[in-house]
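K.L.:
Could you have a look at this structure, given as structure tokens, before my questions?
The values are calculated or read from the model by the stated rules, or taken from the named source; none is laboratory data. Quick caveat, the model's predicted, so the values are computed rather than measured. In this analysis, Cβ positions are derived from the backbone assuming ideal geometry, glycine residues included, and neighbour counts consider all displayed protein chains.
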Amino acid sequence: MASKRALVNLAKGSEEMETVIPVDVMRRAGIKVTVAGLCSRDVMICPDTSLEDAKKEGSYDVVVLPGGNLGAQNLSESAAVKEILKEQENWKGLIAAICAGPTALLAHEIGFGSNVTAHPLAKDKMVNSGSK
């Protein structure tokens, strides 16, 4: 049986703990995790690969968007992230967005009408957009 695969999108300003902890937990569970993107804040989180190269690897069982206001904003502005999320949604793959990460889902029109959990400060924005 092939192992599960996860893609963690890392953007400048991503919350460090919301990136490192899920990566650690998934790797301990035997999931092949690829961290793709840029480094965050003053803590050097070095991605395994670029987002462009990660896209070439095919589909992932789960795509993860860490939180952090600036990180979520940068994920929201990325055409590459939008493309990956659209592909993931089209084949009904899992998408995990942490804290402010769901605002990137909103920006890329992902999961409308779905139940979404977000940081309380993002709640009104999400509910007003049609998320439950």
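K.L.:
Return the residues of segment 86-132 that are of a type in the set (Val, Ile, Thr) and under 16 Å from the mean Cα position of the chain (by Cα); say none if nothing qualifies.
P.N.:
Kept after step one, since they are of a type in the set (Val, Ile, Thr), are these residues of segment 86-132: 95, 98, 103, 110, 116-117, 127.
Ile95, Ile98, Thr103, Ile110, Val116, Thr117, listed by residue number.
K.L.:
How many residues does segment 1-32 contain that are of a type in the set (A, V, I, L, M, F, W, C) and either assigned to a strand (DSSP E or B) or surrounded by 15 or more Cβ atoms within 10 Å (Cβ to Cβ) (or both)? Let's see the steps before the verdict.
P.N.:
Initial filter on segment 1-32 (of a type in the set (A, V, I, L, M, F, W, C)): 1-2, 6-8, 10-11, 17, 20-21, 23, 25-26, 29, 31.
Those left that are additionally either assigned to a strand (DSSP E or B) or surrounded by 15 or more Cβ atoms within 10 Å (Cβ to Cβ) (or both): 6-8, 10-11, 20, 23, 26, 31.
Residues that pass the stated criteria total 9.
K.L.:
Hey, does segment 94-108 have a residue that's assigned to a loop (DSSP other than H, G, I, E, B) and touching a strand residue (DSSP E or B) at 6+ places or on another chain (Cβ under 6 Å)?
P.N.:
Quick first cut of segment 94-108, residues assigned to a loop (DSSP other than H, G, I, E, B) only: 98-101, 108.
With the extra rule that they be touching a strand residue (DSSP E or B) at 6+ places or on another chain (Cβ under 6 Å), the set shrinks to 101.
Yes; the residues of segment 94-108 include at least one that is assigned to a loop (DSSP other than H, G, I, E, B) and touching a strand residue (DSSP E or B) at 6+ places or on another chain (Cβ under 6 Å).
K.L.:
Could you look through segment 76-125, keep only residues that are of a type in the set (Lys, Arg) and at pLDDT 90 or above, and pick out the one that is surrounded by the most Cβ atoms within 10 Å (Cβ to Cβ)?
P.N.:
Among those that are of a type in the set (Lys, Arg) and at pLDDT 90 or above, it is Lys82.
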